[in-house]
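The values are calculated or read from the model by the stated rules, or taken from the named source; none is laboratory data. What you are looking at is a predicted structure, and each value in this text was computed from that prediction instead of being measured. Counting neighbours? That spans all protein chains shown, and the Cβs are built from the backbone with ideal geometry, glycine included.
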């Protein structure tokens, strides 16, 4: 079974600075997808960024980028120029590329609570 | 237009009651899910439903049952509610044939059992 681990329960960053959230995962599959979701106090789950395992190039979405190390099974999220609105819970998630019995379920890490200091 | 909508957003009920949470998606997705987020914010899959195929997480008590009247709806029924059922329940949907797209989530239902 696949597992996702986020080793940082809480992180803090100064506004306009850069912060990196860690995520590691365990799988025997070679093809899969990885996601970072943001959950602000409103509870809404919002996709931040996605990465296909077969792509070597790291995904980037504006101020958000990932460092995907497939061999190390690591998928960290870097937030540049942090803003107050970035304060939220961040969840790393894994999805198998083979449908099988999982039906495309997301497997989540336990989350990292990010605080942004003005 | 809301992509995935759940009702109600908040639900307070007494132990032993039976309750339902409704979920609707207007994205044309073929697979819907229910996730449970506990007090420590941990998100875990409860059910996934594609057409007529239901996959149940083995840890989910049989007091929980999903009902899907059609592709756009997946409701969650809970019988004989217990204190431990208090959590936030999220409905989500995705397209089975497009695995690299994200799942879209509803806004969650905070269930409090007293």
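Mind listing just one residue for me: the one in the stretch B:74-84 that is surrounded by fewer than 21 Cβ atoms within 10 Å (Cβ to Cβ) and part of a strand (DSSP E or B) and, of those, farthest from the other protein chains (Cβ to nearest Cβ)?
B:77
Within the group B:48, B:5, B:39, B:65, which residue is buried (at least 20 other Cβ atoms within 10 Å of the Cβ) and either touching a strand residue (DSSP E or B) at 6+ places or on another chain (Cβ under 9 Å) or within 14 Å of chain A (Cβ to nearest Cβ) (or both)?
Sole residue among the options that is buried (at least 20 other Cβ atoms within 10 Å of the Cβ) and either touching a strand residue (DSSP E or B) at 6+ places or on another chain (Cβ under 9 Å) or within 14 Å of chain A (Cβ to nearest Cβ) (or both): B:48.
Looking for something part of a strand (DSSP E or B), within 14 Å of chain A (Cβ to nearest Cβ), touching a strand residue (DSSP E or B) at 6+ places or on another chain (Cβ under 7 Å) and within 24 Å of residue A:93 (Cβ to Cβ) - is there at least one such residue anywhere in the stretch B:9-20?
There is no residue in the stretch B:9-20 that is part of a strand (DSSP E or B), within 14 Å of chain A (Cβ to nearest Cβ), touching a strand residue (DSSP E or B) at 6+ places or on another chain (Cβ under 7 Å) and within 24 Å of residue A:93 (Cβ to Cβ).
Filter the stretch A:81-101 for residues that are farther than 24 Å from residue B:37 by Cα and surrounded by fewer than 16 Cβ atoms within 10 Å (Cβ to Cβ) and give the result.
A:81, A:83, A:84, A:98, A:100 - these are the residues of the stretch A:81-101 that are farther than 24 Å from residue B:37 by Cα and surrounded by fewer than 16 Cβ atoms within 10 Å (Cβ to Cβ).
So, in the stretch A:72-118, exactly how many residues are assigned to a strand (DSSP E or B) and away from every other protein chain (no Cβ under 14 Å)?
Adding up the residues that qualify gives 9.
Checking residue B:111 against (1) more than 26 Å from residue A:94 (Cβ to Cβ); (2) modelled with pLDDT of 95 or more; (3) more than 14 Å from every other protein chain (Cβ to nearest Cβ), only one condition comes out false. Which one?
Answer for residue B:111: the failing condition is (3).
How many residues are at pLDDT below 95 and part of a loop (DSSP other than H, G, I, E, B) when one looks only at the stretch B:85-106?
Going through the stretch B:85-106 one residue at a time, the tally reaches 9.
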